[in-house]
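Notes follow the structure.
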Amino acid sequence: MSQTNNVYLQGTVVEEHHMLTIGELCQACNAEPAHVHVWVIEGVLDPVGESPEAWRFVGESLRRARLAQRLSTDLEINPSGVALALDLLDEIAELKAQLRRTNL
Amino acid sequence: MKFKDYYEILGLARSASADEIKQAYRKLARKFHPDVSKVADAEAKFKELGEAYAVLKDPEKRAAYDQMGSQWKSGQDFQPPPNWDAGFEFSGRDSAHGAGVDSSEFFEALFGRHGRTGQRGARTAKGEDHHAKVLIDLVDAYQGAQRSITLRMPVQDADGRVDLQERTLAVAIPKGIRAGQHLRLSGQGSSGFNGGPAGDLYLEIEFNPHPEFRVDGRDVLFDLPLAPWEAALGASIAALTPEGPVQLTIPPGSKAGRQLRLKGKGIPGTPPGDLYAVLGIVLPPANTDAERDSYRAMEMAFDFNPRANLTG
């Protein structure tokens, strides 16, 4: 069934407007709460709040959590390996951005 | 339909042990994973690997696959023999590992297309969230835009069978959105289970490459070539920004590589990004006598050694 609306759907920008609970983050990434828990311990994600129920993740966590989820399921990497891979990928992205700024 | 040789895809002999299969998969998956690979067709290649692994790591699926015999070659026309899977029970009928519902025709003919079944049953549950990438132009981020987006989305029917359906959504792209950000459309994911709410749809934003403008987060940069006299003496130069033409004042003594900042003229937002003109100096060629004389006159006029800093 194909559906076409003439009304434009209005979305919200996750990175600008949202703090995510662990439930919302798991739902959006199709990840297990236990995995998110371990990623927080390994420093992949850095929520505010003391307990898992009180955790709030900044919008940017969505990208990181999805990447962590893909790396751990697709490559069967353990959580500390995921943390290392994410750090290195961030560093590569930063270096690429610097190269692009100077147009090299 | 073409036959797929899952052993060949993983570079294995048909006698490979479970450990060898796992090792071969992990090695190739690292090489071709779209998040880490620089290979051009990494995504397609990775899907193929995931599918091969989903079959060969599962003893039942592997046995059923092996039963078809070793006479088949990759790419050969293929129809599954009748009752080929008689006697096999594929427990936990999941989709291809890592490949989502996007498995090949060959895989689906053998093992069916199966969605996740975990959330079905009597429980009321929210539908799955979905993700898609959307390419927009840089100017859309400056002005906002309306876009029609066509997605192929898995839809699960009452029997739990999953089918890909095409949906066209008209979406407002908000002004100020940046590459890598996610636009959340509430309730546009999969339908809920047993009256639960529908999931959400997340659109990840990417910019189409622009021939002149480069983007870094909120900041936008472009190259501005100058003649040597413009750089040395200063000038007022017309330049085209994503928001239209502006007049730029080049200060005297500008060096190549210097960045002129146009504060707040990057991608809009709170705070807005900045727009940078990256100065370059282009030497005019000396083709005519008059042009060559000009360079010689410069040589006479200047006491200039460009290598003054070299100590060698």
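Please treat every number below as a calculation from the coordinates, not as lab data. Every value quoted in this text rests on a predicted model; they were computed, and no experiment measured them. Neighbour counts are summed over all protein chains in view; Cβ atoms, including those assigned to glycine, are modelled from backbone coordinates with ideal geometry.
Overall, the anisotropy analysis places the range B:1-47 in the oblate class: the square-rooted eigenvalues a ≥ b ≥ c of its C-alpha gyration tensor yield a/c not less than 1.5, with a/b not exceeding b/c. Note on the range A:1-78: semi-axes of the ellipsoid equivalent to its C-alpha gyration tensor, largest first and rounded to whole Å, are 27, 17, 10. The fraction of Cα-Cα pairs per 10 angstrom bin, counted from 0 for chain B, comes to 5, 17, 19, 18, 14, 11, 9, 5, 1, 0 percent, rounded to whole percents. A cut-off under 11 angstrom between Cβ atoms defines the neighbours of residue A:55, and their net charge, with Lys, Arg +1 and Asp, Glu -1, is -3. Cross-link partners of residue B:255 among lysines, defined as those whose alpha carbon lies under 29 angstrom from its own and excluding same-chain residues fewer than eight positions apart: A:96, B:263, B:265. Each of A:17, B:131, B:182 was scored by other Cβ atoms within 10 Å of its Cβ. Arranged with the fewest first, they read A:17, B:131, B:182. Estimated from helical segments only, the mean residue ellipticity of chain B at 222 nm is -7000 deg cm²/dmol, where each DSSP H run of four or more residues counts as -39500 (n - 2.57).
Computed with the Debye formula from one identical point scatterer per Cα of the range A:35-104, without solvent, the log10 of I(q)/I(0) at q = 0.14 Å⁻¹ comes to -0.49.
Ellipsoid fit via the Cα gyration tensor, the protein assembly as shown: semi-axes of 51, 28, 21 Å, each the root of five times an eigenvalue, largest first. From the largest down, the range B:122-279 spans 78, 26, 22 angstrom on the principal axes of its Cα atoms. Charge tally around residue B:1: other residues with Cβ under 11 Å, Lys/Arg +1 each, Asp/Glu -1 each, net -1.
Applying 1/(1 + (r/R0)^6) with R0 = 45 Å to the Cβ-Cβ distance of residue A:73 and residue B:259, what FRET efficiency is obtained, to the nearest 0.05? The calculated FRET efficiency here is 0.60.
A cut-off of 5 Å between modelled amide H atoms, ignoring neighbours fewer than 5 places along the same chain, links residue B:136 with B:206, B:207, B:208. The mean sequence distance of close C-alpha pairs (under 8 Å, at least 6 residues apart), as a share of the length of chain B, puts its relative contact order at 12 percent. Compactness ratio for the range B:130-207: Cα radius of gyration over 2.2 N^0.38 Å (N = residue count) comes to 1.23.
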